[in-house]
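Here's the structure we're looking at; comments come further down.
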Amino acid sequence: MSPPADLYRELPGVDELLRDRVLAALIAENGQSAVADACRAVLARLRGQIAGGSLDSRNLSLAISGIQAAVEAELRRSLDYSLRPVINATGVILHTNLGRAPLAASALDHIRETAGTYATLEFDLGAGERGKRDVHVDRLFRTLLSDEAVELRSAGAGVNTIVVNNNAAAVLLALNTLADGGEVIVSRGELVEIGGSFRIPDVMSKSGAVLREVGTTNRTRISDYERAISDRTKLLLRVHRSNFEITGFTEQPGVSELVVLAEKHKLPLMEDLGSGALFDLRNVGIDREPTILESLRAGVHVVTYSGDKLLGGPQAGIISGREGLVKRMRGNSLFRALRVDKLTYAALEATLLAYVKKDYEAVPALSMMQASQAQISDRANAVLASCPDKSLRGRQTQLALLDGESLIGGGSAPSAALPTTLIAITSSSLSASELATRLRAANPPVIARVEDERVLLDLRTVLPGQDEVLARVLSQVLA
């Protein structure tokens, strides 16, 4: 049964609302266009409720009596930022959906001091003429990625580095520069798909290179690569399985074997490390995650990796390798299309300086990885103790501390887990899903895990300065 037409006629028009004295202040502050859009949104919502049968004449009158407040709320919502800070209590350090690595305080300071003014992005102060934007980070990468072994491998030329907007772009630029129109040999077990359905074969196709698969999903030998090499071969590619593992009956050539093969046939060897670590994760108990320096020492010609994963900096795709090869990429017209701006260089330069100083605690992602379970347990106890509403521990809502595991995330070290202490929340009146929804609706939103009908909070990924805020949110949401 369709709703009576007279209900629609009770709704005021947009022009009528805009003449309302209560809304005049909103128009003066935000402009007539924005307020008119808010009026239209509120009226459209009321029409939808009438059409759905959820508003009768009495309830519609109540809604109309408060329409000015509804318009103001809609206006505030429409003019608010949708990109908002949240408290990451998931325990996933490099959470892709939450922006991966949070930036170091020094990176934020450097962005702030260079973003609001003019800066030496492409200006050489000494020469008084145009310079190159690469220099701001290339000098630091040279410090971090050069030693005797690398110098020997590169015939004394050292390592050059360029930066583009993400690792997929880095792979695209490298393949297009080194193998456009030729074949690139890669193991079938390394044809990975990263987040958002981006696949290595698709990136390769866009680069103009031709994929030459060798081996099988679980076993590829060095002889498979050698048999596939022909006069059409331009590049050997090794892709690090950063977001999955193959176990059981497996075989994969080591980097050293591929280096020997590449040198034998005078071919460049490229390794897509994906995450890319400058910090040795064995220091926090995580094995089998190669560092960038280890790949270059082994003789890999070109390494591509991300800036916002294990490096702990801004989103970026980074290419480090032999001078002649990187120079060719810098000269590729694609490089200009994929290059980054001064904000990325500022954040990356500050992050790299922390590495040069060996101040790993200054990089939030590395600090989180290095935190011990005892430290996290102490913080969790302090959060519970500082909740002002002691009824949280009453009969309806229970909070307890449990042993658990944190994850690196971001497609890095997929099987690695760090021991942690979790705050577990259960309620007899609300489901775990409803509790998690309430936490997300808080200000600031708190993002948690839900497992076994419990909401789990892991303080490893909660920034230390957010502990008091988290306690306040818990008290408000769960009381």
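Quick one: check the C-alpha center-to-center distance for the stretch 79-102 versus the stretch 104-163, whole angstrom. So the two Cα centres are separated by 28 Å. Please state the shape class of the stretch 5-79: rounded when a/c is under 1.5, otherwise prolate if a/b exceeds b/c and oblate if not, all from the C-alpha gyration tensor. It comes out prolate by the Cα gyration axes. I need the calculated FRET efficiency for the pair residue 280 and residue 428, taking r as the beta carbon distance and R₀ as 51 Å, to the nearest 0.05. Computed FRET efficiency for residue 280 and residue 428 comes out at 0.60. The alpha carbon gyration tensor of the stretch 103-362 gives principal lengths a ≥ b ≥ c with a/c of 1.5 or higher and a/b greater than b/c, which makes the shape prolate.
The long axis of helix 105-115 is offset from the longest Cα principal axis of the chain by roughly 80 degrees. Taking a sphere under 14 Å around the Cβ of residue 6 and counting the other residues whose Cβ falls inside, with K and R at +1 and D and E at -1, yields a net charge of +1.
In whole percent, what relative contact order does the stretch 103-362 give with Cα contacts below 8 Å and a gap of six or more residues? Don't jump to the answer; show the numbers that get you there.
Values: 465 pairs, mean separation 71.2, N = 260.
Over the stretch 103-362, the number comes to 27 percent.
3J(HN,Hα) couplings calculated from phi for the stretch 429-435 with the Karplus curve 6.51 cos²θ - 1.76 cosθ + 1.60 (θ = phi - 60°) are, in sequence order, 10, 10, 6, 4, 5, 5, 4 Hz; Gly and Pro show x.
Seen against the Cα atoms of the chain and their longest principal axis, helix 32-51 is set at about 70 degrees.
Percent of alpha carbon pairs in the chain separated by more than 40 Å?
Values: 44803 of 114481 pairs.
Tail of the P(r) past 40 Å holds 39 percent of the pairs.
For residue 132, a cut-off of 18 angstrom between C-alpha atoms picks up these aspartates and glutamates, skipping any fewer than 8 places away in its own chain: 122, 124, 323, 341, 349. Working from label points 7 Å from Cα in the Cα-to-Cβ sense, the residue 451 to residue 81 distance is 3.2 nm. Normalising the average separation of contacting C-alpha pairs (under 8 angstrom, six or more residues apart) by the number of residues puts the relative contact order of the chain at 19 percent.
With both bridge residues required to lie in the chain, what share of the DSSP beta bridges run antiparallel, to the nearest 5%? It would help to have the intermediate numbers written out before the result.
Working: 35 of 57 bridges.
Among the beta bridges of the chain, antiparallel pairing accounts for roughly 60 percent.
Of interest is the spacing of the C-alpha centroids, which for the stretch 397-461 and the stretch 2-65 amounts to 40 Å. Going from the fewest other Cβ atoms within 10 Å to the most, the residues 264, 309, 132 appear in the order 264, 132, 309. Legend: ranking of residues 39, 387 from fewest to most surrounding C-beta atoms inside 10 Å; resulting order 387, 39.
Only helical DSSP H runs with n ≥ 4 go in: add -39500 (n - 2.57) per run for the chain, normalise by residue count and round the 222 nm mean residue ellipticity to 500 deg cm²/dmol. Let's see the in-between values first.
Details: 21 runs with 206 residues, N = 479.
Value at 222 nm, helices only, nearest 500: -12500 deg cm²/dmol.
Summing charges over neighbours of residue 181, with a neighbour being any other residue whose Cβ is under 12 Å away from its Cβ, gives 0 when K and R count +1 and D and E count -1.
Short-range pairs are left out: with C-alpha atoms under 8 Å and at least six residues apart, the relative contact order of the stretch 5-79 is 40 percent. In plain terms, the residue of 305, 360, 225 with the fewest other Cβ atoms within 10 Å comes first and the most crowded comes last, giving 360, 225, 305.
Sort the stretch 17-124 into rounded, prolate or oblate with this rule: let a ≥ b ≥ c be the square roots of the eigenvalues of the Cα gyration tensor; rounded if a/c is under 1.5, and if a/c is not under 1.5, prolate when a/b is larger than b/c, oblate otherwise. The shape class here is oblate.
FYI, it's all coordinate maths here, none of it is from the lab. Please read all numbers here as calculations on a predicted model, not as lab measurements. Virtual Cβ from ideal backbone geometry, glycine too; neighbours counted across all protein chains shown.
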